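Trainee: Would you mind keeping the following structure in view while I ask a few things?
Here, each number is a calculation from the coordinates, and none is a lab measurement. All figures in this text were calculated on a predicted structure; none of them were measured in a lab. All Cβ positions, glycine included, derive from the backbone under ideal geometry; neighbour counts span all protein chains shown.
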Amino acid sequence: MPEKRILIVDDEKEHCDFCIEYLTSRGYSPDIAYDGLNAKYLLECNRYDVIFFDCNMPELSGVELIKVIREKNPEAKAVMISGYELINEDFAKDLKVDKFLSKPVSLQKLREIIENG
């Protein structure tokens, strides 16, 4: 199976660490951004297959980041993640996000999205 390029964008370090630990144990080498501005920079320099991003972040929100994802890396699967009740699948669908996950994120869901799309 070819290496998939994965980007995780979240200002919650614990969530990033959780995802990194799981993904590296499965043989992936994800890139990490702790805010939307750093994610924008990474998107300008790299191509990704899957991008997991939080909705509420400093510097550049997930709502603003989805526009950058669609412009810089339109073929990537964009997966919005949020722990806020008001941010849900319908909200994400309106933004043209491919998938929506609620926090806490299930490891099984991460794996399914990466492996099956």
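Trainee: Just to be sure I understand: with springs between alpha-carbon atoms less than 10 Å apart, which residue in I87, I69, I32 has the highest mean-square fluctuation in the Gaussian network model of the chain?
Mentor: Among I87, I69, I32, the largest mean-square fluctuation in the Gaussian network model of the chain belongs to I87.
Trainee: Give me the log10 of I(q) over I(0) for the chain at q = 0.09, 0.14, 0.18 Å⁻¹, as the Debye formula computes it from C-alpha points; what are the numbers?
Mentor: -0.19, -0.49, -0.85
Trainee: By the gyration tensor of its Cα atoms, with a ≥ b ≥ c the square roots of the eigenvalues, what is the shape of the stretch 1-70: rounded for a/c under 1.5, prolate for a/b over b/c, or oblate?
Mentor: Details: a/c = 2.38, a/b = 1.34, b/c = 1.78.
The shape class here is oblate.
Trainee: Something else about it: Between the DSSP loop rule and a limit of at most 13 other Cβ atoms within 10 Å, which GluC sites (Glu not before Pro) in the stretch 1-43 are left?
Mentor: Details: sites: E3, E12, E14, E21; in loops: E3, E12.
Counting only loop positions with at most 13 other Cβ atoms within 10 Å, the GluC sites (Glu not before Pro) in the stretch 1-43 are E3.
Trainee: Looking at the stretch 38-117, which chymotrypsin sites (Phe, Trp or Tyr not before Pro) are DSSP coil and have at most 15 other C-beta atoms within 10 Å of their C-beta?
Mentor: On the way: sites: Y41, Y48, F52, F53, Y84, F91, F100; in loops: Y48, Y84.
For chymotrypsin sites (Phe, Trp or Tyr not before Pro) across the stretch 38-117 that sit outside H, G, I, E and B with at most 15 neighbouring Cβ atoms in 10 Å, the list reads Y84.
Trainee: Applying 1/(1 + (r/R0)^6) with R0 = 30 Å to the Cβ-Cβ distance of N38 and K109, what FRET efficiency is obtained, to the nearest 0.05? Could the numbers behind the result be given before it?
Mentor: Working: r = 24 Å, r/R0 = 0.81.
The pair N38/K109 has a calculated efficiency of 0.80.
Trainee: Given labels modelled 7 Å from the Cα in the Cβ direction, how far is it in nm from D11 to E85?
Mentor: 2.2
Trainee: Given a 10 angstrom Cα cut-off, can you work out which residue in C55, C19, C45 is the most mobile in a GNM of the chain?
Mentor: C45
Trainee: Here is a further query. Ignoring everything except DSSP H segments at least 4 long, calculate the 222 nm mean residue ellipticity for the chain; use -39,500 (n - 2.57) per segment, divide by total residues, nearest 500.
Mentor: -12500 deg cm²/dmol
Trainee: How far, in nm, would the chain grow between K4 and K96 when pulled straight, counting 0.36 nm per residue and subtracting the alpha carbon separation?
Mentor: Values: separation 92, 0.36 × 92 = 33.12 nm, distance 2.18 nm.
Extending this stretch completely gives an extra 30.9 nm.
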